[in-house]
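Computed from the coordinates by the stated procedures, all read-outs in this text should not be read as laboratory data. Since this is a predicted model, take the numbers as computed values, not measurements. Every residue, glycine as well, gets a Cβ built from its backbone with ideal geometry; the counts of neighbours run over all protein chains shown.
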Amino acid sequence: MIKNPQDTSDPIELFEEILEHEDTDKQPIAVALDHFVKGVGHVVMWANLFLILAIVTQVTMRYLFNYNFPKLDELQWHLYGLVTMVGISYALVTDSHVRVDLLHMQLSPRTQRFIEIVGILALLVPFIYLMVDQGYDYFYDSFRVGERSSSPTGLPARWAFKAIIPLSFVLLGVAALARLIHDVHAIWVNSESERKGKGIRLILLAFLGFAVVAYGLSFLVETTEEKLVIAMFLTFIALLFSGYPVAWVLAGVGIAYCGLAYLFDNDHMAWTGLESTFTGLDYLTLGATVNRVYATMSNAVLVALPMFIFMGLMLDESGVAERLMTSMQKLFGTVRGGLAITVTLIGIILAASTGIIGASVVLLGVLSLPSMMQQKYSKSLAAGVVSASGTLGILIPPSIMLVIMADQMALSVGDLFMAAVFPGIIIGMLYLLYIFVIALVKRDAAPVPEGAKAPDWHAIKDVLIAALPTLLLILAVLGSIFAGLTTPTEASGIGALGATLLALGYRKLTFRKLVNVLKSTFNTTAYIFAIFLGATIFSYVLREMGGDALIEEMVASTGFGANGTVLFILFIVFLLGFVLDWIEITLIVLPLMRPIINGLGLDIGGYGVIDEPALIWFVILVAVTLQTSFLTPPVGFALFYLKGVCPPEIKLTDIYRGIIPFVLLQLLGLMLVYYMPPLATWLPSVAY
């Protein structure tokens, strides 16, 4: 998403390039607004460095001086809230938000601009108005009473932190206005290049199909609330295929259906022939979500998100993967399929140190695919190995997905990290076994490179030198969590510092690379947080309309029994992974499953020390299932990441063929964890 500028050691030249605007066809007003939002972002993104400093200082003071400093704890989530709330505006002007590109990429630029204009006016503007209006009241109530920290030794002026909510959404309004002016200007100019591609008919046909499905499903339920819930879900999915950012689709659909429920509540929809509802939804009740936004901003668990993202991106900049690739190729040079084995092993190491899927897939693809093509590997095997190996980071800790899952399911992040270790390693081992077998059975799929030399002690030493620093960093991060020495948030800060020191030690860290890492961390954290905000509105309205009760009733009515119900839920999650990203599934669908799983009475042993072993086991099953969502078309993000960097001779059909066996291997790993729950529950119990 972020184009890395060329290296330079001149800070003045760097910031001139950052502020330079390349889109000369924009209106001057739009350019000025863009520069303003980006300028604010380029200042605020440095708060991530202060966040690292605050975390490391807190850990140091506790262990060296046996002193806890509550102000530092609060400062951490104040910095996190500032970075994420300002970041959503920066991500908007840089067009970095997550979107479903399946149909969107086929449309002409002119049609894409029409969609963005409608999306801003119909979906984003109501959300901005709600958050500015209700957010200001929320801030003013705090300011009026001079609210401060609930801890006597905490930070004063809590109201100042709450002021971030309305101010950040005003900034988001500025960013939206810049996009709107640019789109209207481009449509007005109406250049020939803007018309190349398909028109709006493609999107309208997709919407028509979803409308027919919604109408058919409405006959399966009785009450108006249930019909609205089904329509709400299908509207969300249909609008996703327009290509408008997921976060704003979630928020906009939530607000729209809140208004629709209000009309049904007050007998204004009698003309539809449907009965009135009793949801209690209106503008003021929807304003209660501001408190949920504040809770997300001040969530100490989520502070780990930008830190783990920073750690992964900094490791990518440190050249660790290149060193590993060079040394491991010598070690496995004479082994049939040795390069594919090398890619998988590096994927496992990157997974335990980065957890950033896009970065891992792109890095592995850039480093290995040209060599694989040169060594005459099967195109599908090469593409499949890179795609699958790059997705291991979503499961193997420290995984940002597991951090979010722990927050949504009210579980310990450390427990989920430990529970995911064996399933992640097992899937990695299945990959290696498959490569070894396919290389023996189909010798032309993964040939031995010509002139390869047998490994010697020098090759082994090179691998150790390349891998040892990274493995020590992984041990420091995960080991401190597993041993109970630090919380996951504290370990994430230590990992971010360790990755920076590693880059310095390898002499790879320049001022420009540091800025690149900060910008990418800022963007990535922001678009994840934006989906949090949208999901907050969507989930609130869904629950008020009885959506959780409807889903629980539908799952319970299957009559599959406890184990069958778990398999049914996993099957639904697997299917959703074809059209939704893991973030939406984790934030919207997963929390709805908690009461269902708790009510099944599953007999999953916790060894007397784990509080909710069945829930931990279930979440790991969902995590393994969601790993497949990165590989399953049409919305498999790993496939698009890879397509962007693969050699021209590798077609999209080669990538699709290549991922099939790896998806089956992931499902095999899922079945192993399903039938052997101790694979997920034993390690957390031992840690206690």
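Here is how the numbers come out for the structure above:
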quantity	calculated
Filter on K196/K379; K379/K442; K38/K198; K519/K651; K196/K643; K379/K643 - keep pairs with C-alpha separation over 20 Å	K196/K379; K38/K198; K519/K651; K196/K643
Region 156-257: trypsin sites (Lys or Arg not before Pro) in DSSP coil with no more than 11 other Cβ atoms inside 10 Å	K196
Equivalent ellipsoid semi-axes - Cα gyration tensor, region 22-298, angstrom	38, 28, 17
FRET efficiency for R148 and M61, using Cβ-Cβ distance with R0 set to 30 Å, rounded to 0.05	0.85
Bins of 20 Å from zero: percent of alpha-carbon pairs in region 301-687	28, 58, 13, 0
Proximal lysines relative to K71, as straight alpha-carbon distance under 25 Å, when same-chain residues fewer than 8 apart are discounted	K162
Rounded tilt (10° steps) of 678-687 against the dominant C-alpha axis of the chain	90 degrees
Listed residue (L107, S142, G154) projecting farthest to the positive dipole end of region 22-298, Cβ model	G154
Segment R195-V448, extension gain: residue separation times 0.36 nm, minus the distance between their alpha carbons	86.2 nm
Translational diffusion of the chain, µm² s⁻¹ [Kirkwood Rh, Cα pairs; Stokes-Einstein; 20 °C; 1.002 mPa s]	81 µm²/s
Positive-end residue, the chain charge dipole about Cα centroid, Cβ charges, pick of N66, L313, A410	L313
Helix 28-44 vs. the chain, principal-axis angle (Cα, 0 to 90°, nearest 10)	60 degrees
Computed Rg/Rh of region 256-385, alpha carbon atoms with Kirkwood Rh	1.36
Inter-site label distance for A562 and V221 at 7 Å from Cα along Cβ, in nm	2.9 nm
Stretch gain in nm, segment I117-A157, where the contour uses 0.36 nm per residue and the Cα spacing is subtracted	10.5 nm
Local electrostatic count, L281, Cβ distance below 11 Å [Lys/Arg +1, Asp/Glu -1]	-3
Nearest 10 degrees, 0 to 90: helix 652-675 Cα axis against the chain principal axis	90 degrees
Estimated translational D of region 143-299 in µm²/s (Stokes, Kirkwood radius over Cα pairs; 25 °C; 0.890 mPa s)	125 µm²/s
Extension gain, L284 back to I465 (0.36 nm per residue minus Cα-Cα distance, nm)	59.1 nm
A300-D267 pseudo-label distance in nm [points 7 Å out on the Cα-to-Cβ vector]	5.2 nm
Local electrostatic count at A300 - Lys and Arg +1, Asp and Glu -1, tallied over other residues with Cβ under 12 Å	-4
Förster radius 41 Å - calculated FRET efficiency between M671 and D95, Cβ distance, rounded to 0.05	0.55
Low-density loop cleavage sites - GluC sites (Glu not before Pro) in region 179-249, where at most 11 other Cβ are within 10 Å (DSSP)	E222
With eigenvalues of the C-alpha gyration tensor scaled by 5 and rooted, region 362-427, Å	33, 11, 8
Size of electric dipole in region 301-687: Cβ of Lys, Arg +1 and of Asp, Glu -1, about Cα centre, debye, nearest 20	1500 debye
Cα centre as origin, Lys/Arg/Asp/Glu Cβ charges: the chain dipole, Debye	1800 debye
Ellipticity estimate at 222 nm from DSSP helix runs (n ≥ 4, -39,500 (n - 2.57)) divided over the chain, nearest 500	-23000 deg cm²/dmol
Cβ crowding within 10 Å averaged over residues, with 612-625, 376-389 ranked highest first	376-389, 612-625
Net charge contributed by nearby residues that have their C-beta within less than 14 Å of P70 (K/R +1, D/E -1)	+2
Long-range tail of P(r) for region 340-487 (Cα pairs > 21 Å, %)	51 percent
Ellipsoid equivalent to region 406-511 - semi-axes via the Cα gyration tensor, in Å	34, 24, 12
Against the rule of thumb 2.2 N^0.38 Å, how large the Cα Rg of region 19-159 comes out	1.42
